[in-house]
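First up is the structure itself, then whatever we jot down about it.
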Amino acid sequence: MRGDGLLILGLVALAVYMGVHWERARRAASDMHLVRRRAATLRHTVAKERGQVMLITTVAGLALFLAIRYGG
């Protein structure tokens with residue numbers, strides 16, 4: 001009877017361990033969805049900022065060219 005009790009206790013411990021592992025894996029999968037969405041938003045923001053910097057640089061360069069060429 002002692003062997004059966006140890007076996008049952010071992011199975012209970014294994015079930016608890018697997019349940020904890022399963023919950024951790026489930027949380028990681030759901031967190032990954034949020035991380036991917038956040039990364040996509042950041043990529044979009046970076047692309048928008050890069051376009052604005054290019055526009056500002058172009059306008060500033062054009063203004064400097066016109067000021068040097070026709071300014072004085």
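The values are calculated or read from the model by the stated rules, or taken from the named source; none is laboratory data. It should be emphasised that the depicted structure is a prediction, and the values quoted were computed from it without experimental measurement. Cβ coordinates were reconstructed from backbone atoms using ideal geometry, including for glycine residues, and neighbour counts include every protein chain displayed. The accessibility values were calculated without ligands, DNA or RNA, using every heavy atom of the protein model including side chains. Shrake-Rupley method; radii C 1.70, N 1.55, O 1.52, S 1.80 Å.
Local charge for residue 43 was computed over the other residues whose Cβ lies under 12 Å away, with Lys and Arg +1 and Asp and Glu -1, and equals +4.
With all protein chains kept in place, the per residue accessible area of the chain amounts to 96 square angstrom at a probe of 1.4 angstrom. Dipole size of the chain about its Cα centre, with +1 on Lys/Arg Cβ and -1 on Asp/Glu Cβ: approximately 260 debye, rounded to the nearest 20. Relative to the longest principal axis of the Cα atoms of the chain, helix 2-70 runs at roughly 0 degrees. Here's the picture: charge each Lys and Arg Cβ at +1 and each Asp and Glu Cβ at -1 in the chain, and of 6, 33, 16 the one pushed furthest to the positive end of that dipole is 33.
Of the solvent-accessible surface of the chain, computed with a 1.4 Å probe and all protein chains present, 71% belongs to carbon and sulfur. All C-alpha to C-alpha distances of the range 29-72, sorted into 5 Å bins beginning at zero, yield P(r) values of 5, 21, 12, 13, 10, 8, 9, 6, 6, 4, 3, 2, 1 percent in whole numbers. Estimated at 0.36 nm per residue, the fully extended path between residue 36 and residue 59 surpasses their Cα-Cα distance by 4.8 nm.
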